[in-house]
Amino acid sequence: MGKHHRRDGYWKSYHLAHTRELDAIAGGIVSLVKESKPPVQCKKTRRGRKPVHSREKLVCICLLMIVMGYTFRDMQNYVPKLNLPWDEPYPDHSTIHRAYQEMPQEYLDTLLERTARLCMEESGWSKGLLASDSSGVETDRYEEVVRPNKKERRFEKVRRLFYLKYHIVAILDHLIILRARVTSYRVNDSPVLRSMLRRFPSLPGSTFNADRGFDAEANFKRVYELLMHPNIKQIARQKGPRGRGHKRLHNRSRAAKEFDESLYQWRGMIEAIFGAEESDEHSLRTRFRKGENRERWGVILAMGWNLKVLNRLRCRKMLEMEVTSIIRAN
């Protein structure tokens with residue numbers, strides 16, 4: 001594995017990106033929403049009055065609320081400071097809450113794809129290393145679980161925090177998130193990856209890294225269909241005569257022969273995304289209780305990450321610095 005080096009001009013570009021970050025994220029979200037208008041149209045009230053707030057403005061406010069880690073009431077107070085390009089009254093927290101619940105999941109996935117595409121175009125990336133992984137998300141809810149008490153030799157009920165899982169598929173060369181999902185912590189990573197790869201773009205020549213939790217024939221098959229090389233660590237399985245009706249794992253066997261340990265070692269770079277999100281006091285912790293709201297939260301969080309990456313890439317170009325991959329051989 002090649003040693004990680006600081007890129008030339010790192011601190012200079014970091015300072016500029018940090019200075020411009022909030023304005024860049026707000027401007028990027030407004031541009032995205034204006035380019036891809038929300039499919040849900042504003043409805044008239046029961047008395048036939050036209051709505052006071054435009055749909056585009058409410059969607060922008062909801063996206064910024066999640067990216068900045070604010071609550072609905074906090075966002076109500078922060079909206080006047082944003083200088084959004086709409087000459088309309090400021091919405092209250094209940095209006096923002098209703099708008100958040102009305103955002104379709106497919107629309108948010110489209111916006112995430114658009115942010116990833118912008119980052120790829122800005123960096124000039126066409127192929128490289130991808131990876132998938134998950135991390136825990138803390139909530140403010142508790143659950144009762146049964147645990148053994150060794151001292152008293154009995155089982156007892158224990159109350160503990162309820163956790164979720166934040167799944168992502170990312171480009172390791174520039175830490176660009178392509179897909180994001182939020183599920184229960186009881187859900188296995190492998191089937192979630194298959195759902196994220198269902199409408200995944202083909203990236204010919206790229207390598208897809210993943211750990212043993214993603215070792216499944218369907219995953220290998222899907223990655224090959226996308227013209228990528230599945231570099232997935234495999235579980236050691238018992239050898240011996242195959243039983244009747246046993247399925248031959250052709251794709252898994254092919255991937256085992258082509259497995260590259262030197263490329264697999266870069267899989268840990270995806271932890272940089274989780275580590276950066278967890279460093280903020282508001283990140284990777286959600287207060288949403290409904291599953292649909294949690295799904296929206298995860299996709300919007302990934303969208304905000306991509307806008308930060310896009311800002312950093314543009315700052316390097318503003319400083320006339322070369323945009324290079326984070327992963328470089330020694």
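Numerical summary
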quantity	calculated
Mean-position separation - Cα centroids, region 249-288 and region 172-222, in angstrom	9
Sorted by Cβ density within 10 Å, fewest first, the residues Glu152, Glu88	Glu152, Glu88
Hull shadow area, averaged, region 48-120 [alpha-carbon convex hull, nm²]	5.8
log₁₀ of I(q)/I(0) at q = 0.13, 0.21 Å⁻¹ - region 183-225, Debye sum with one point per alpha carbon	-0.28, -0.71
Student exercise, region 142-277 dipole from Lys, Arg, Asp, Glu Cβ charges, in Debye to nearest 20	1000
Cβ-based net charge around Met196, under 11 Å, with every Lys or Arg adding one and every Asp or Glu removing one	+4
Values of log10 I(q)/I(0), in the order q = 0.07, 0.13 Å⁻¹, for the chain under a Debye, Cα-only, solvent-free model	-0.35, -1.06
Radius of gyration and Dmax over the Cα atoms of region 70-189, both given in Å	20.9, 68
Residue order, fewest to most surrounding Cβ atoms within 10 angstrom, among Val299, Val146, Val30	Val146, Val30, Val299
Space enclosed by the convex hull of the alpha-carbon atoms of region 157-244, per residue, Å³	165
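The numbers here are math on the coordinates, done by the rules we state, and not lab data. Computed from a prediction, not measured in an experiment: that's the story for all the values here. With ideal geometry, Cβ positions are generated from the backbone for all residues, glycine too; neighbour counts draw on all protein chains shown.
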